[in-house]
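*Asks:* Take a look at the following structure, please.
Just so it is clear, none of the values below were taken in a lab; they were calculated from the coordinates. Here the structure is a predicted model, which means the values were calculated and not measured. Cβ coordinates were reconstructed from backbone atoms using ideal geometry, including for glycine residues, and neighbour counts include every protein chain displayed.
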Amino acid sequence: MTNLRYDTICSVLVLFSILIHVKAQPQVISNLQHLPDIKFNSNEYSEYPDNEDGESLAQLNEQQYIKDNVYLRANSHLDKEESTTNILNNNIKWDVHWAAQLKLTQMSAVSMDPYGNVAIFHRGNRIWGPDTFDNENKFNPKNGPIMQNTIILLDKSGKVILEFGKNMFYLPHGLTIDQSGNYWITDVAMHQVFKFNAQDIEKHMEERAQFNSLMTGVSSDHTSALFENSVLKPSITLGEAFVPGNDETRFCKPTAVAVHTNGDFFVSDGYCNSRIIKFDKNGKRILHWGRHWGIGEIVYSQLPPPNAFLVPHALALAIELNYIYVADRENGRVLCFFANNGTFHKEYRHPAIGAQIYSVAYAREKLYLVNGLDPYNPINPVPVKGFVLDIYSGNLLSTFAPKGNMDKPHDLYVTEDGSEIYVVELNNHKIYKFLQGVNDSTHVEDSQSIKQHRSKILIQPDTKDADIGKTNMTKLILGLGSAAVSFVTICVAIAAIVARCQKRGCLLTMRKRMRWEAERRENFKLSSLLENRRGRNFKFLEKRPNTRDFSKLNTEPETSEDEHPENNLAKVI
């Protein structure tokens, strides 16, 4: 009996531990490690303007600037892969003649519509300088909107086919065209994000003359009515015009937008708040993560944590992999998060790129980057150009640039197949088009690489880059598998316990003991004892005859009437 109890207790403990492990696994998958929010305080924010003078980090003292970033210069001894960084990739060629006739000022963003037309977002005659914002990050709306058309649409040959955006924006920054042709725009002066529907833009595609005079008659004293006299009106407007903030409804200099195929979109907010916010297709906030990593918070021997940014400047989505990439500009790195829940996945950093990364794009398992001037190494700065990284290893695959290096590239766009790369610059007012040779063998190699890397991630995950952001289908499969394993384990354990008990005779012994105990309790009852004793005496006297009373003894022979048939006949007569 003692052995039975011991085996039962051990089995229960084993099953309980298995159930706890299975139940805790989904919690690990869906765990979000978001850092606490930083409340809006204008004194905590520094300016990081995009201006013609190439200034960054708002005239910080150079000695303090370098001192506070010792952790970046400490990695300068790493191999810089000179053969890769100094020699441009011959497979990526600059198209010298494309849009060579275009004369624009500061170009802040570039994107492509579903028809293959290239859209450029520029600032007209407005320049972002040290006096553009006050100490509270506020722009003076009395300066009025930009009087020139701020969005230029080019066809495949580089010819201008459309211009619009006059008197609509105050300081353009980000432009993204989603797969449906909708325009997503950020304006850092207005601290707002706008969506313009593709139908409204296509409605006037053939009326170029009308577009050139769309936005007129807007008074700078009535900024709330900015789009009332416009043919194009935003279908979604997020943020409060000219009011910076860090809360549920306001932004502070938002920089970029990335749009998912299901309509969800991400906003990098931006120069002040340093956070990423996810919205559904209707503009309802879903989640956010990230906080500001200011100069005063830097620990010399410590790199910034993955959820702290210093100007998240650009976004890129790898939809098939469920990744979103963030160009953390002033930290000189690209961070990868899971798009469904914002959980950190991987960091990309390379000494050949330097300390600033302005933009990032994704295509076919590769990251495309453009860097900026390295303020931490003015004597021997890294060259400013484009870079291609492998998303799995983080290795630098190739570089690209026009004849000579770039000056201050601000944004880039890469087609889905990676065959076309577009880069826009702020200072020298140029747009570059690069053509990358893509053939069928490359497609086959990339598809095989995808399968190999995905199988490695599933079978042998790295503890640092653990894939904890599984999709819903993966969660369902894991849950069903865990439930099946638990059920089989429970059945095997119960069968083992029963078999062991049967072998020892524990079940039969227990049944007999229970029956004996019941009979023993019944026999100890006084009424039962008297009744049994009384019944036994009477039955004994009735069944046992007196041997001395021979008259009652039957001495007649045992015969039957069949043996004397004559007697039966006589009785009948």
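*Asks:* Students often get this wrong, so check it: of Lys156/Lys366; Lys403/Lys430; Lys195/Lys281, which have C-alpha atoms separated by over 21 Å?
*Replies:* Lys156/Lys366
*Asks:* Report the FRET efficiency, 1/(1 + (r/R0)^6), for Ala241 and Ser486, where r is their Cβ-Cβ distance and R0 is 60 Å, rounded to 0.05. Walk me through the numbers before you get to the answer.
*Replies:* Numbers: r = 56 Å, r/R0 = 0.93.
Once rounded, the FRET efficiency stands at 0.60.
*Asks:* Mind listing the long-range amide H neighbours of Glu240? Cut-off is under 5 Å, sequence gap 5 or more, other chains count too, H placed in the peptide plane at 1.01 Å from N.
*Replies:* Phe251
*Asks:* Another one. Around Asn282, under 14 Å between beta carbons, what's the net of Lys plus Arg minus Asp minus Glu among the other residues?
*Replies:* Details: positive: Lys195, Lys278, Lys281, Lys284, Arg285; negative: Asp264, Asp280.
My count for the surroundings of Asn282 gives +3.
*Asks:* Residue by residue, what Karplus-based ³J(HN,Hα) values in Hz, rounded to whole numbers, does the range 411-427 have, using 6.51, -1.76 and 1.60 with θ = phi - 60° and x for Gly and Pro?
*Replies:* Using θ = phi - 60°, the values come out as 7, 9, 9, 10, 5, 4, 8, x, 7, 10, 10, 10, 10, 10, 10, 7, 6 Hz.
*Asks:* In whole angstrom, note down how far apart the Cα centers of the range 312-332 and the range 358-373 are.
*Replies:* Cα centroid to Cα centroid, the span is 9 Å.
*Asks:* Please arrange Asp417, Asp95, Asp187 by how many other C-beta atoms lie within 10 Å of their C-beta, fewest to most.
*Replies:* Asp417, Asp95, Asp187
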